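Novice: Below is one structure. I have some questions about it.
Where a number appears in this text, it was derived from the coordinates with a stated rule and is not lab data. What you see is a predicted model, and the numbers here were worked out from it, not measured in a lab. Because the Cβ atoms are built from the backbone with ideal geometry, glycine has one as well, and the counts that use them run over all protein chains shown.
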Amino acid sequence: MKLKHYLDLGVSKAELSRRFGVSRRTIRYWIESGQLDRDLSAGGTRYAARPRVAHKLDPCAEIIDARLEEFPKLSARRLFEEVRAAGCEGSYGGVRDYVREARPRPPMEEPVRFETPPVRQGQVDFGTFRFPWGRRQALVVVLGHSRLLWLRF
């Protein structure tokens, strides 16, 4: 939409390529292929998701899922050996990648916010900052109550 607006204003293709960070050929392609005239409210892109590819590990996925449900910390190496013993084909890398995705994860704990009364707590740190004229050391203080940041070079 911005590209079309700038073209209507008469901005050159070279300037547009600099503004958008693409080559002039790309700008020219977008114009010539009619991509600027398509209706964006129609929705969707021209591409659909790729169809799922069958893997050698698919027949054994139920075995792996059942074992992981029973023993969530079971290693991928051990599961690979069990899958091989069950007669399924596939590589260790495939089993490892599948286990990485299928392993049940414990729920994330919500962080406990630590509140302090005023003038009780502050965090202090030293930092190094790089400027065009050189490096400078700074003392950084963050107050616990108000989260006020204080910086002194």
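Novice: Just to be sure I understand, if you calculate percent of Cα pairs over 23 Å apart for this structure, which of [x] 44; [y] 31; [z] 72 do you get?
Specialist: Working out percent of Cα pairs over 23 Å apart from the coordinates points to [z].
Novice: Going by amide H atoms built from the backbone, whose H comes under 5 Å of the H on G122, apart from near neighbours?
Specialist: G144
Novice: Under unit Cβ charges (Lys, Arg +1; Asp, Glu -1), what dipole magnitude, rounded to 20 debye, does the chain have relative to its Cα centre?
Specialist: In debye, rounded to 20, the chain gives about 1080.
Novice: I've got another one for you. Ignoring everything except DSSP H segments at least 4 long, calculate the 222 nm mean residue ellipticity for the chain; use -39,500 (n - 2.57) per segment, divide by total residues, nearest 500.
Specialist: -10500 deg cm²/dmol
Novice: What are the ³J(HN,Hα) values, in whole Hz, obtained from phi via the Karplus relation 6.51 cos²θ - 1.76 cosθ + 1.60 with θ = phi - 60°, for each residue of the range 144-152 in sequence order, with x given for Gly and Pro?
Specialist: In residue order, the calculated couplings are x, 7, 9, 6, 5, 9, 10, 9, 9 Hz.
Novice: Sorted by packing (mean other beta-carbon atoms within 10 Å per residue), highest first, where do 109-115, 70-76 land?
Specialist: 70-76, 109-115
Novice: Still on this model: Quick check: pseudo-label points 7 Å beyond the Cα along Cα→Cβ at R113 and R96, how many nm apart are they?
Specialist: 4.2 nm
Novice: Go through the range 109-121 residue by residue and turn each phi into a ³J(HN,Hα) via Karplus (6.51, -1.76, 1.60, θ = phi - 60°); whole Hz please, and just put x for glycine and proline.
Specialist: With the stated coefficients, the range 109-121 comes to 7, 6, x, 8, 6, 9, 9, 10, x, x, 6, 10, 9 Hz.
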